[in-house]
Amino acid sequence: MAFKQLNFGFYGELRGAYSPSVAAAIEELSAAAGTESRGAIFTRVEVVDFILDLVGYTEDKPLYENRLLEPSFGGGDFLLPIVGRLLTAWRAAKSTRSALEDMGDALRAVELHRETFHSTHSAVVALLEREGLASSTATALADRWLSQGDFLLAPMDGQFDFVVGNPPYVRQELIATPLLAEYRRRYQTMYDRADIYIPFIERSLSVLAKGGSLGFICADRWMKNRYGGPLRSFVAGQFHLKIYVDMVDTPAFHSDVIAYPAITIISREISGATRIAHRPAIDRATLAALADALRVASLPKEAGLVRELAQVTNGSEPWLLESSDQMALIRRLEHQFPSLEEVDCRVGIGVATGADKAYIGDFKALDVEPDRKLPLVTPRDIMSGEVQWRGQGVINPFAEGGGLVDLRDYPRLRRYLKARQEIIAARHCAQKTPANWYRTIDRITPALAKRPKLLIPDIKGEAHIVFEGGELYPHHNLYYVTSEAWDLRALQAVLLSAVTRLFVATYSTKMHGGFLRFQAQYLRRIRIPRWADVPKALRAELAEAAIERDLQACNRAAFKLYGLSQEERSALGGNGE
């Protein structure tokens, strides 16, 4: 059974299959020069072999009797090792049929970028010829196996026993609006700010045969963040998350990546426990041994490189992949205590202007009316752990009662903004509503500056919680917490504690270097007692620990607050003594 060919006359076929705008967008991507626009990240061969071993695509099996899909083959990082394994397995079987008859339907690989498609097609042909196949057979197999097109839209025949690869990582902003709309129409997981690898995973899982396995290496953001919810639900409903290997700070790719990568092995079978490993060394011997350990029938009782967790998938809920004792603690606290915002603590983010160079400058030098500017606090102001204001300010174009001020009433503000109109009016928000061209993306509420607050930078290795007494307005790179109930100094101690770090580390995606994202969606996961239930002596102990910035004292007080047992304290890496 031959595969549908998209190799030649591709743009002509698109014109017939899709609207002109969608076809044009696909054609533009197929000819794109930059790797960023294509989401191209190249995987090391040791990691490729590791993933192939994990899904069971090994040479001791009759691979030519199975079907494998590679949905974005790029330069052949996965494809060439796959072809090598397939050919070895076929030769070992000593079949009496021809290579084309036996292997023609064993592989399907798709690539959108035209130039990359042709170069890798040639590399596959060359590999087959070096292995002794006739030139005509090599070309015929490559033609059967490889197709050029958009995997998310290309026709797909039948199901596959294996799907492997490194799906492209492309932000929505780089995808033309008509094409993005077509993706959203077809894929239920294209939700919120989902990157393109999300529908790649959905479609790959959708064509997986019963008992089949998918092995991908890609960013792990979808496993915990908001836009990954529908995909997590899709996996939980029909599949088994068999293996998770976190690859933080490992040289898994030929270039550095900021996103935190992970390997996931997902099978179409009844769900069960998940095998988990962390940060393996990238060498053949280590990865081969780890693959064996991850695939062994039953794990040894003694602790090793691999551990097992039950019920990792739970509908659309974030995947919790930390140790079982830490998960037990998280679950206990979630069951016993309300969330941060349920105890009258509000989490927010500072102002986004869309053009900081125009709206932000030296507070004293900003030549506008006094009530049209506010002193601004940025991450650089709080690096020491205390506020050390560097004198920045932000322009406020909003009236007290809502809406924008009339520039005719503020001649200095009008002159200031007009001098920068070209930059300000070029923003997307200004082009959407030209009459309001001078508004900031977020509304500015001066009362926030006057409220005491806790300031939290987004990306940090550890919690960095800074008290600000009510004089400064937060920049958009800072999250803040205010409260009508909790004493902020006492709350600061809780947020500086190991308990808070556990919550954020559990729900946050990690970045390169192991940094965490202290974003609002993760901060809101934190559980905390109601202020009225905190004993007076403990209130004072928490506040004093925060004022002194004594992290051990913060831990001791927080452990008392939550009533942690000795085992629970140990799960956090210390006893708080």
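The values are calculated or read from the model by the stated rules, or taken from the named source; none is laboratory data. Computed from a prediction, not measured in an experiment: that's the story for all the values here. Because the Cβ atoms are built from the backbone with ideal geometry, glycine has one as well, and the counts that use them run over all protein chains shown. Side chains included, ligands, DNA and RNA excluded: accessible areas come from the protein's heavy atoms. Shrake-Rupley method; radii C 1.70, N 1.55, O 1.52, S 1.80 Å.
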- Item | Compactness of region 325-413, expressed as Rg and Dmax over alpha-carbon positions, Å | 19.7, 63
- Excluding ligands, DNA and RNA, what is the solvent-accessible area per residue of the chain at a probe of 1.4 Å, expressed in Å²? 43 Å²
- Query: Using modelled backbone amide H atoms (1.01 Å from N, in-plane), which distant-in-sequence or interchain residues come within less than 5 Å of residue 376's amide H?
  - Reply: 392, 393, 394, 473
- Cross-link partners of residue 301 among aspartates and glutamates (Cα-Cα below 17 Å; sequence separation of 8 or more within a chain): 292, 325
- Item | Computed label-point distance, nm, for sites residue 24 and residue 185 using a 7 Å Cα→Cβ extension | 1.7 nm
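Where does the chain land at 222 nm, in deg cm²/dmol rounded to the nearest 500, when only DSSP H runs of n ≥ 4 count, each adding -39500 (n - 2.57), divided by all residues?
The helix contribution divided over the chain gives -10500 deg cm²/dmol.
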- For the pair residue 301 and residue 332, the simple spin-label estimate (label points 7 Å beyond Cα toward Cβ) gives in nm 2.5 nm
- Message: Could you derive backbone 3J(HN,Hα) for region 415-422 from the dihedral phi with the Karplus parameters 6.51, -1.76 and 1.60 (θ = phi - 60°), listing whole Hz in sequence and x where the residue is Gly or Pro?
- Response: 5, 5, 5, 4, 5, 10, 4, 4
- If R0 is 41 Å, what FRET efficiency do you get for residue 273 and residue 45 from their C-beta distance, rounded to 0.05? 0.85
- J(HN,Hα) series, region 483-499, from Karplus relation 6.51 cos²θ - 1.76 cosθ + 1.60, nearest Hz, glycine and proline x: 8, 8, 10, 6, 5, 5, 5, 5, 5, 4, 4, 5, 6, 7, 7, 5, 5
- Message: For P(r) over Cα pairs in 10 Å bins from 0, in percent, pick the label among (1) 3, 15, 22, 22, 18, 12, 6, 2, 0; (2) 3, 13, 23, 27, 22, 9, 3, 0, 0; (3) 3, 17, 27, 25, 18, 8, 2, 0 that corresponds to the value derived from the coordinates.
- Response: (1)
- Item | Whichever lysines have a C-alpha closer than 24 Å to that of residue 210, once near sequence neighbours (fewer than 8 apart) are set aside | 4, 61, 242
- Message: How large a share of the accessible area of the chain, in percent, is made up of carbon and sulfur atoms when the probe is 1.4 Å and the other protein chains stay in place?
- Response: 51 percent
- Message: Could you compute how much accessible surface residue 404 exposes when probed at 1.4 Å, giving the result in Å² to the nearest 10?
- Response: 40 Å²
- Mean projected area in nm² (Cα convex hull; one quarter of hull surface) for region 372-493: 9.0 nm²
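Please compare each pair in 224/450; 224/536; 364/453; 453/536 to a cut-off of 27 Å on the Cα-Cα distance and tell me which ones are over it.
Over 27 Å Cα-Cα: 224/450; 224/536.
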- Message: If I model a spin label at residue 566 and residue 283 as a point 7 Å from the Cα along the Cα→Cβ vector, what separation in nanometres do I get?
- Response: 4.1 nm
- Nearest 5 is fine: what % of DSSP beta bridges in the chain come out antiparallel, could you say? 65 percent
- Task: For residue 409 and residue 441, compute 0.36 nm times the residue count separating them, minus their Cα-Cα distance, and round to one decimal in nm.
- Result: 9.3 nm
- Message: Compute, for the chain, the length of the dipole vector about the Cα centre, with Cβ point charges of +1 (Lys, Arg) and -1 (Asp, Glu) only. Units Debye, rounded to 20.
- Response: 1200 debye
- If you stretched the chain out fully between residue 171 and residue 308, how much longer would it get, using 0.36 nm times the residue separation minus the C-alpha to C-alpha distance? 46.0 nm
- Taking R0 as 56 Å, what's the FRET efficiency between residue 400 and residue 324 from their Cβ-Cβ distance, rounded to 0.05? 0.60
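Remind me, relative contact order of the chain in percent, using alpha carbon pairs under 8 angstrom and six or more residues apart?
12 percent
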